[in-house]
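The values are calculated or read from the model by the stated rules, or taken from the named source; none is laboratory data. Small disclaimer: the values here were computed from a predicted structure and weren't measured. Cβ placement follows ideal geometry from the backbone for every residue including glycine, while neighbour counts extend to all protein chains displayed. Note: areas computed on protein heavy atoms with side chains; ligands, DNA, RNA excluded. Shrake-Rupley method; radii C 1.70, N 1.55, O 1.52, S 1.80 Å.
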Amino acid sequence: MTQRAQPVDALLVVDVQSAFVTGDGAVPAAGRLVDRTADLIARARQDGAFVVHLQNDGPPGAEDEPHTPGWELHHPVEPGPAEVVIRKPHDDGFQETGLGAVLADAGVRAVAVCGVMSEMCVQATARTALALGYRVVVPHDAHATQDIPAAPGIGGAVPAATVSRVAAYALGSDAETTVTAADVTFAAPRRAAGPPPSSD
(Lines give C-alpha, C1' and ligand atoms only; values in the text may rest on other atoms or scores of the structure.)
Protein backbone atom coordinates (compact mmCIF):
# COMPACT_ATOMS: atom_id res chain seq x y z
CA MET A 1 0.00 0.00 0.00
CA THR A 2 1.42 3.39 -1.00
CA GLN A 3 1.46 6.32 1.37
CA ARG A 4 -0.15 9.51 0.12
CA ALA A 5 1.89 12.59 0.83
CA GLN A 6 0.42 15.45 2.81
CA PRO A 7 -0.54 18.29 0.45
CA VAL A 8 2.13 20.60 -0.90
CA ASP A 9 1.37 24.14 -1.97
CA ALA A 10 3.91 24.49 -4.77
CA LEU A 11 5.23 22.42 -7.66
CA LEU A 12 8.73 23.02 -9.03
CA VAL A 13 9.08 21.64 -12.56
CA VAL A 14 12.81 21.49 -13.17
CA ASP A 15 14.19 21.82 -16.71
CA VAL A 16 11.53 19.84 -18.58
CA GLN A 17 12.88 21.26 -21.82
CA SER A 18 12.77 19.89 -25.34
CA ALA A 19 16.44 18.91 -25.41
CA PHE A 20 16.02 16.58 -22.45
CA VAL A 21 12.68 14.90 -23.20
CA THR A 22 12.57 14.68 -27.02
CA GLY A 23 14.86 13.46 -29.77
CA ASP A 24 18.22 11.74 -29.48
CA GLY A 25 19.15 13.56 -26.27
CA ALA A 26 16.05 12.54 -24.35
CA VAL A 27 16.42 10.82 -20.99
CA PRO A 28 15.45 7.13 -20.88
CA ALA A 29 11.70 6.69 -20.34
CA ALA A 30 11.13 10.32 -21.31
CA GLY A 31 7.54 9.52 -22.24
CA ARG A 32 6.77 8.38 -18.72
CA LEU A 33 8.45 11.44 -17.23
CA VAL A 34 6.44 13.77 -19.46
CA ASP A 35 3.21 11.99 -18.52
CA ARG A 36 3.97 12.23 -14.80
CA THR A 37 5.01 15.88 -14.89
CA ALA A 38 1.99 16.82 -17.03
CA ASP A 39 -0.31 15.16 -14.50
CA LEU A 40 1.37 16.93 -11.60
CA ILE A 41 1.06 20.30 -13.34
CA ALA A 42 -2.62 19.74 -14.15
CA ARG A 43 -3.51 18.72 -10.61
CA ALA A 44 -1.46 21.53 -9.06
CA ARG A 45 -3.34 24.06 -11.18
CA GLN A 46 -6.69 22.47 -10.38
CA ASP A 47 -6.06 22.63 -6.63
CA GLY A 48 -4.67 26.17 -6.61
CA ALA A 49 -1.05 25.32 -5.85
CA PHE A 50 1.76 27.58 -7.01
CA VAL A 51 3.53 26.27 -10.14
CA VAL A 52 7.08 27.21 -11.07
CA HIS A 53 8.66 26.12 -14.36
CA LEU A 54 12.45 26.31 -14.00
CA GLN A 55 14.20 26.77 -17.35
CA ASN A 56 17.93 26.18 -17.60
CA ASP A 57 20.05 28.59 -19.62
CA GLY A 58 22.83 26.47 -21.04
CA PRO A 59 26.15 27.90 -22.31
CA PRO A 60 26.71 28.78 -25.98
CA GLY A 61 26.59 25.64 -28.11
CA ALA A 62 24.79 23.55 -25.49
CA GLU A 63 21.59 21.72 -26.33
CA ASP A 64 19.73 24.07 -23.98
CA GLU A 65 21.35 27.30 -25.14
CA PRO A 66 18.75 30.07 -24.71
CA HIS A 67 16.39 30.68 -27.62
CA THR A 68 17.28 27.43 -29.40
CA PRO A 69 14.67 24.70 -29.98
CA GLY A 70 16.16 22.50 -27.25
CA TRP A 71 15.82 25.29 -24.67
CA GLU A 72 12.06 25.58 -25.05
CA LEU A 73 9.85 24.28 -22.25
CA HIS A 74 8.07 21.07 -23.18
CA HIS A 75 4.88 21.71 -21.21
CA PRO A 76 2.65 24.68 -22.05
CA VAL A 77 2.69 27.40 -19.41
CA GLU A 78 -0.39 29.23 -18.13
CA PRO A 79 1.21 32.43 -16.84
CA GLY A 80 -0.58 34.18 -14.02
CA PRO A 81 -0.36 34.99 -10.33
CA ALA A 82 0.05 31.30 -9.45
CA GLU A 83 2.24 30.11 -12.35
CA VAL A 84 5.58 31.51 -13.41
CA VAL A 85 8.68 30.69 -15.45
CA ILE A 86 12.05 31.32 -13.81
CA ARG A 87 15.20 31.06 -15.89
CA LYS A 88 18.28 29.80 -14.09
CA PRO A 89 22.01 29.88 -14.85
CA HIS A 90 23.02 27.12 -12.39
CA ASP A 91 21.91 23.64 -11.34
CA ASP A 92 20.31 25.03 -8.18
CA GLY A 93 17.06 26.76 -9.06
CA PHE A 94 17.52 29.13 -6.10
CA GLN A 95 21.04 30.31 -7.00
CA GLU A 96 21.06 33.78 -8.57
CA THR A 97 17.33 33.64 -9.34
CA GLY A 98 14.17 35.05 -7.80
CA LEU A 99 12.80 31.63 -6.82
CA GLY A 100 13.23 32.10 -3.08
CA ALA A 101 11.50 35.47 -3.09
CA VAL A 102 8.67 34.23 -5.30
CA LEU A 103 7.93 31.27 -3.03
CA ALA A 104 8.12 33.40 0.10
CA ASP A 105 5.80 36.04 -1.36
CA ALA A 106 3.28 33.34 -2.24
CA GLY A 107 3.33 31.94 1.30
CA VAL A 108 4.57 28.55 0.14
CA ARG A 109 5.47 26.07 2.89
CA ALA A 110 5.95 22.78 1.03
CA VAL A 111 7.16 21.93 -2.47
CA ALA A 112 7.09 18.95 -4.80
CA VAL A 113 10.11 18.80 -7.10
CA CYS A 114 10.10 16.97 -10.44
CA GLY A 115 11.98 17.04 -13.73
CA VAL A 116 15.60 16.56 -14.88
CA MET A 117 18.38 15.80 -14.20
CA SER A 118 17.97 13.83 -10.98
CA GLU A 119 21.52 14.10 -9.65
CA MET A 120 22.08 17.66 -10.84
CA CYS A 121 19.34 20.29 -11.05
CA VAL A 122 16.60 18.30 -9.30
CA GLN A 123 18.79 17.34 -6.36
CA ALA A 124 20.45 20.77 -6.08
CA THR A 125 17.11 22.58 -6.05
CA ALA A 126 15.55 20.14 -3.59
CA ARG A 127 18.56 20.38 -1.29
CA THR A 128 18.37 24.16 -1.09
CA ALA A 129 14.61 24.00 -0.49
CA LEU A 130 15.31 21.72 2.47
CA ALA A 131 17.99 24.08 3.78
CA LEU A 132 15.52 26.96 3.59
CA GLY A 133 13.03 25.07 5.74
CA TYR A 134 10.54 23.91 3.13
CA ARG A 135 8.95 20.50 3.33
CA VAL A 136 10.17 18.73 0.18
CA VAL A 137 8.56 15.90 -1.76
CA VAL A 138 10.47 14.34 -4.68
CA PRO A 139 8.17 11.70 -6.24
CA HIS A 140 10.40 8.85 -7.37
CA ASP A 141 8.72 8.38 -10.76
CA ALA A 142 8.69 12.06 -11.73
CA HIS A 143 12.40 12.80 -12.11
CA ALA A 144 14.92 11.30 -14.49
CA THR A 145 18.45 11.49 -15.84
CA GLN A 146 20.84 9.87 -18.31
CA ASP A 147 22.85 6.67 -17.92
CA ILE A 148 26.36 7.21 -16.59
CA PRO A 149 28.78 5.69 -19.13
CA ALA A 150 31.47 3.24 -18.13
CA ALA A 151 34.82 4.75 -17.22
CA PRO A 152 38.02 2.68 -17.47
CA GLY A 153 39.58 2.20 -14.08
CA ILE A 154 36.48 3.52 -12.30
CA GLY A 155 33.59 1.23 -13.11
CA GLY A 156 30.97 0.06 -15.54
CA ALA A 157 27.96 1.92 -16.84
CA VAL A 158 25.34 2.94 -14.29
CA PRO A 159 21.70 2.79 -15.46
CA ALA A 160 19.75 6.04 -15.30
CA ALA A 161 17.15 4.57 -12.94
CA THR A 162 19.89 3.73 -10.43
CA VAL A 163 21.38 7.20 -10.70
CA SER A 164 17.97 8.75 -10.03
CA ARG A 165 17.36 6.53 -7.02
CA VAL A 166 20.73 7.33 -5.46
CA ALA A 167 20.31 11.06 -6.16
CA ALA A 168 17.02 11.12 -4.27
CA TYR A 169 18.33 8.91 -1.46
CA ALA A 170 21.26 11.28 -0.97
CA LEU A 171 18.84 14.04 0.03
CA GLY A 172 18.45 12.23 3.35
CA SER A 173 15.48 11.43 5.51
CA ASP A 174 14.12 14.99 5.56
CA ALA A 175 12.97 14.72 1.94
CA GLU A 176 10.02 12.52 1.00
CA THR A 177 11.34 10.45 -1.90
CA THR A 178 9.39 7.18 -1.91
CA VAL A 179 5.95 8.47 -2.93
CA THR A 180 4.75 8.29 -6.52
CA ALA A 181 3.61 11.25 -8.55
CA ALA A 182 0.03 9.99 -8.23
CA ASP A 183 0.35 10.12 -4.43
CA VAL A 184 1.29 13.81 -4.39
CA THR A 185 -1.60 16.05 -3.39
CA PHE A 186 -1.86 19.82 -3.64
CA ALA A 187 -3.42 22.76 -1.85
CA ALA A 188 -3.37 26.51 -2.36
CA PRO A 189 -0.69 28.33 -0.37
CA ARG A 190 -1.70 30.50 2.56
CA ARG A 191 -0.29 33.75 1.22
CA ALA A 192 -0.16 35.40 4.63
CA ALA A 193 1.77 32.54 6.15
CA GLY A 194 5.18 34.19 5.89
CA PRO A 195 8.47 32.32 5.43
CA PRO A 196 8.69 28.56 5.95
CA PRO A 197 9.42 27.33 9.46
CA SER A 198 13.07 26.91 10.35
CA SER A 199 14.36 23.35 10.22
CA ASP A 200 16.59 24.05 13.24
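Listing for the model above:
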read-out	value
Residue satisfying all of: in the range 1-16; over 22 Å from residue 68 (Cα atoms) and among the hydrophobic types (A, V, I, L, M, F, W, C); most open to solvent (accessible area, probe 1.4 Å) among these	1
Of all residues making up the range 75-89, the number that are surrounded by 13 or more Cβ atoms within 10 Å (Cβ to Cβ) and assigned to a strand (DSSP E or B)	6
Residue in the range 171-179 that is over 30 Å from residue 107 (Cα atoms), open to solvent by 70 Å² or more (accessible area, probe 1.4 Å) and either touching a Phe, Trp or Tyr at 6+ places or on another chain (Cβ under 9 Å) or touching a residue at least 24 places away in the same chain (Cβ under 8 Å) (or both) present	no
Test: residue in the range 111-119 that is over 18 Å from residue 188 (Cα atoms) and part of a loop (DSSP other than H, G, I, E, B)	yes
Tally, over the range 45-61, of residues that are of a type in the set (S, T, N, Q) and open to solvent by 50 Å² or more (accessible area, probe 1.4 Å)	1
Options 92, 64; residue that is out of contact with any Ser or Thr (no Cβ under 6 Å at 6 or more places or on another chain), surrounded by 18 or more Cβ atoms within 10 Å (Cβ to Cβ) and in a loop (DSSP other than H, G, I, E, B)	64
Unmet criterion (only one of (1) open to solvent by less than 30 Å² (accessible area, probe 1.4 Å); (2) of a type in the set (Val, Ile, Thr); (3) more than 25 Å from residue 18 (Cβ to Cβ)) for residue 154	(1)
Meets criteria (at pLDDT 95 or above, in a loop (DSSP other than H, G, I, E, B) and more than 22 Å from residue 39 (Cα to Cα)) for residue 153	no
Contacts under 6 angstrom Cβ, first residue in the range 143-157 being over 30 Å from residue 11 (Cα atoms), partner among the acidic types (Asp, Glu), 6 or more apart	157/147
Residue 108 in contact (Cβ under 8 Å) with a residue 40 or more places away in the chain, under 15 Å from residue 10 (Cα atoms) and within 12 Å of the chain's Cα centre (by Cα)	no
One residue from 42, 19 being surrounded by fewer than 20 Cβ atoms within 10 Å (Cβ to Cβ), among the small types (Gly, Ala, Ser) and outside any loop (DSSP other than H, G, I, E, B)	42
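Table: residues versus (1) among the acidic types (Asp, Glu); (2) within 18 Å of the chain's Cα centre (by Cα); (3) over 18 Å from residue 91 (Cα atoms).
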residue	(1), (2), (3)
16	no, yes, no
19	no, yes, no
40	no, yes, yes
46	no, no, yes
57	yes, yes, no
60	no, no, no
66	no, no, no
